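> The structure under discussion is supplied below as structure tokens; questions concerning it will follow.
The values are calculated or read from the model by the stated rules, or taken from the named source; none is laboratory data. As the structure is a prediction and not an experimental result, all values here were calculated from the model. Backbone-built Cβ (ideal geometry, glycine too); neighbour counts: all protein chains shown.
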């Protein structure tokens, strides 16, 4: 699934609908990785709020972004940036492996 910016979306966790979406194009990833993405995404949105999006840009670089409704007073924007930085450090190996996987199987 691509979004309007031609980015490939890997997964989305939505605090408003309390749902997790995983792009079926990545079904051949090991189940343990899918479960880890689910857990970290859902925990992120439960703590911070908003909608967490993990995907890849046109160059194959992994991105993590959060959006929130304008009137969401419970959304923690500063905490969001800090939590993303923490994820990038704590899950560095996972995120690098996902980027390599995407470049190998989708951009090759």
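> Determine which single condition residue 82 fails, assuming it passes every other condition in (1) modelled with pLDDT under 95; (2) loosely packed, with under 14 Cβ neighbours inside 10 Å; (3) out of contact with any strand residue (DSSP E or B) (no Cβ under 8 Å at 6 or more places or on another chain).
(1)
> In the range 89-108, how many are surrounded by 12 or more Cβ atoms within 10 Å (Cβ to Cβ), part of a loop (DSSP other than H, G, I, E, B) and more than 15 Å from the chain's Cα centre (by Cα)?
The number of residues fulfilling the criteria is 1.
> Among the residues of the range 67-88, is any outside any helix (DSSP H, G or I), under 12 Å from the mean Cα position of the chain (by Cα) and closer than 14 Å to residue 12 by Cβ?
yes
> Whether any residue in the range 15-35 is in contact with a helix residue (DSSP H, G or I) (Cβ under 6 Å, 6 or more places away or on another chain), touching a residue at least 24 places away in the same chain (Cβ under 8 Å), surrounded by 15 or more Cβ atoms within 10 Å (Cβ to Cβ) and not in a helix (DSSP H, G or I) is what I want to check.
yes
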